[in-house]
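The values are calculated or read from the model by the stated rules, or taken from the named source; none is laboratory data. Note that the structure is predicted; figures quoted are calculated from it, not measured. Because the Cβ atoms are built from the backbone with ideal geometry, glycine has one as well, and the counts that use them run over all protein chains shown.
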Amino acid sequence: MKYLVTGATGFIGRFLVERLLARRASTVYVLMRRASVAKLDALREALGADETNLIPVWGDITRPGVIDEAAKAQLAGTIDHVFHLAAVYDMNMTDAQADRVNNGGTANMVALAAALATENKRKPLFHHMSSVAIAGADYDGVFTDNMFDVGQTLSHPYYRTKFQSEAIVRERATVPWRIYRPGMVVGHSETGEMDKADGPYYFFPAIKALRDRLPKWLPLLGLEGGRMPIAPVDYVVSAMVHIAHKRSGNGQAYFLVQPDPPTAGEMLKIFVRAAHGPDVIRNLPSQEWPADVERQFKRIASRLPMARWLEKQVSRKLGVPLSILGYVNNRAIFDDVNTRAALAGSGIKCPRLVDYAETLWRYWELHIDCHVDVPATLVRRVSGRVVVITGASSGIGFMAAKKLAYAGATVCMIARNPERLEETRAIIEHMGGRAFAYSCDLSKLEAIDDCTNQILRDHHHVDILINNAGHSIRRSVFESLSRFHDFERTMQLNYFGALRMIFNLLPSMAKRRSGHIINISSIGVLTNAPRFSAYVASKAALDAFSRCLSPEVASRNIDLTTIYMPLVRTPMIAPTKLYDYVPALTPEQAADMIVTAIIDRPKSIASPLGTTAQISYAMWPKVNDFVLHKAFHMFPSSKAARGYSARSEAQVKPDVKARLLAALLPGPYW
């Protein structure tokens, strides 16, 4: 089977080409401009393809004829399917740009498909990528696969040209055709892969700000809005490829959307929950009034003085295009009757957003939300320096690695999982930083020796060591009487592992008479948090070691800093659902504490509460014990400590008194 694909290096196109190449004995021709040869090389590398099955056809869809006559003669009568995906999707596009690419490009591709057909051979089947946008932004009611021109309003260049380009296929195509109308296409439901902020992703920065600044239990109000026709890219491609190869279905359109899609309010709530933000959201109905009334209101509002300026200001503040904001109250309900019939028995179904939203969020936070702020003083301190960070594949370590690499440091990232480590290293490289990945199990001393030796061979020295990796256990002593191994393995990683890193890198620092060792400790060392005796003891041991070492190396210009880190919302605490309801720092805020440590080189850094607790315990230890005793009984033990007997979510939610205590004393691990 031979295919010709436009837009092959685009987001949907890459997945489509991969799926087509996976079919037996398939050859994919990709229409590309010669200026995009680097994109072709990257596509081949990503898909493991070569010049025998992924073949370029040089041309331009905006040019009449698209390809030269020699290429046309070579392909004539050989192409079974033409997939036309190339289009401009930019909600800030101009009319001229939209007409040239979306309409002109489609007309030229329809003509090319006709030119590739020969009398004695089968005509190619033309597959056109349209959009739910053909219904416009104001359509009210059910819009089925079989509907097209029903008098809808099409004011935006994108909506207008998607409608007109579909009309071009319907009216001018002389070869069989099928049309696909995906909804709001989001990342891969299994990997989260996405190439840019688009659609619901525009709201992610605001969701992140809500998560970082508001307690999880704070009630919020939102708008219910209209149904959001969302679909992950893997479903869109799987459905399209399956429908494309069915014997019947020519001359039909197929919506590719989630059945029973969420409203805008439900979608926002799902993503806020995926981000571990406030979980008490009440959505107010926004479609109680008729569509005609809403349109009349918008018309009147648009005539008000400075209305356009105000709209732009709101859009700029939120970071969301006006066309996206206007779609929040969408009144169209897309009925994919043709799609359901075509996919019957195939096993291909669109997953529900709630089942993969957390995957989308994590990918966005790691790969797309790459902006970091670093002070100029950090650049001066670490530029050209070699920094080693343990536990660098997620959470605090990864965020610190991003900031330091962005400031010009050479970052040596250490973590146990090689796949996750390589992923995060690649992200930093993509940001323009310099990072190296070293997979190591820090609970094994021999592995640490091998890792540090390799780092010294590669970089000859280390300027800054950040002992960040750690393991926490939330279990009271009476629940641990038969689990002595918990204390051994916690001490092995948190204390002996960190010590081994220091022992192995300290000689090179001493030789250069320069170095900085930063140990990530815990606020629990200052507050003496109950249920964390194993964790706090291991961190306290490292703290005591550092205090003893510091005067020994002062003359060698080696500094030691201990950071008594408060509770941070990282993967380490994610299994403990209790922590969703208590104040916690974000990884970025925690990384800023590391940045401060590098710039100022203090002996220690602690939150105000940690410092107060330390002084209070020195002066009034029994008062501290009384408060902590009350807290011990307010907060439940972990499910693991209770033998996995408690399964209901309600049993891990703290009551009002516990939440109040956590709000008054933010930061400790309860």
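Scanning the range 155-173 for residues being modelled with pLDDT of 95 or more, surrounded by fewer than 19 Cβ atoms within 10 Å (Cβ to Cβ) and out of contact with any strand residue (DSSP E or B) (no Cβ under 8 Å at 6 or more places or on another chain) gives a total of 4.
The set of residues in the range 111-129 that are crowded, with 24+ Cβ neighbours inside 10 Å and either of a type in the set (Gly, Ala, Ser) or part of a helix (DSSP H, G or I) (or both) comprises 112, 113.
Applying the selection to the range 54-95, what residues are over 32 Å from the mean Cα position of the chain (by Cα) and of a type in the set (Phe, Trp, Tyr)? If the condition is that a residue be over 32 Å from the mean Cα position of the chain (by Cα) and of a type in the set (Phe, Trp, Tyr), then 58 is the only one that fits. Among the residues of the range 427-451, those identified as out of contact with any strand residue (DSSP E or B) (no Cβ under 8 Å at 6 or more places or on another chain) and on the phi < 0 side of the Ramachandran plot are 427, 430, 431, 441, 443, 444, 445, 446, 447, 448, 449, 450. For the range 132-188, residues that are part of a strand (DSSP E or B) and under 29 Å from the mean Cα position of the chain (by Cα) total 6. State whether one or more residues within the range 406-422 are modelled with pLDDT of 95 or more, crowded, with 23+ Cβ neighbours inside 10 Å and hydroxyl-bearing (Ser, Thr, Tyr). Checked the range 406-422: no residue is modelled with pLDDT of 95 or more, crowded, with 23+ Cβ neighbours inside 10 Å and hydroxyl-bearing (Ser, Thr, Tyr). Take the conditions (1) in contact with an Asp or Glu (Cβ under 8 Å, 6 or more places away or on another chain); (2) more than 30 Å from residue 592 (Cα to Cα); residue 230 misses just one of them, which is (1). Scanning the range 600-628 for residues that are in contact (Cβ under 8 Å) with a residue 60 or more places away in the chain and either farther than 23 Å from residue 546 by Cβ or of a type in the set (Asp, Glu) (or both) returns 624, 628. Would you say residue 482 is polar (S, T, N, Q), without any contact (Cβ under 8 Å) to a residue 60 or more places away in the chain and more than 16 Å from residue 519 (Cβ to Cβ)? Against the criterion (polar (S, T, N, Q), without any contact (Cβ under 8 Å) to a residue 60 or more places away in the chain and more than 16 Å from residue 519 (Cβ to Cβ)), residue 482 qualifies. Within the range 18-45, residues that are within 11 Å of residue 58 (Cβ to Cβ) have Cβ atoms under 9 Å from residues that are in a helix (DSSP H, G or I) and of a type in the set (Val, Ile, Thr) in these pairs: 30/17, counting only partners at least 6 apart in sequence or on another chain.
Selection over the range 1-44 of residues that are outside any helix (DSSP H, G or I) and either aromatic (Phe, Trp, Tyr) or under 22 Å from residue 110 (Cβ atoms) (or both) gives a count of 16. Only one of the listed residues (34, 24, 19) is basic (Lys, Arg) and at pLDDT 90 or above. That residue is 19.
Comparison of 561, 570 shows that the only residue that is modelled with pLDDT of 95 or more, in the same structural domain as residue 612 (by TED's automatic domain parsing), not hydrophobic (A, V, I, L, M, F, W, C) and not in a helix (DSSP H, G or I) is 561. Please work out if residue 66 is touching a Phe, Trp or Tyr at 6+ places or on another chain (Cβ under 6 Å), within 25 Å of residue 114 (Cα to Cα) and not small (Gly, Ala, Ser). Against the criterion (touching a Phe, Trp or Tyr at 6+ places or on another chain (Cβ under 6 Å), within 25 Å of residue 114 (Cα to Cα) and not small (Gly, Ala, Ser)), residue 66 does not qualify. Look at the range 247-263: where a residue is free of Cβ contacts under 8 Å to residues at least 40 places away in the same chain and a partner is part of a loop (DSSP other than H, G, I, E, B), sitting 6+ places away or on another chain with Cβ atoms under 8 Å, you get 263/224; 263/225; 263/226; 263/228.
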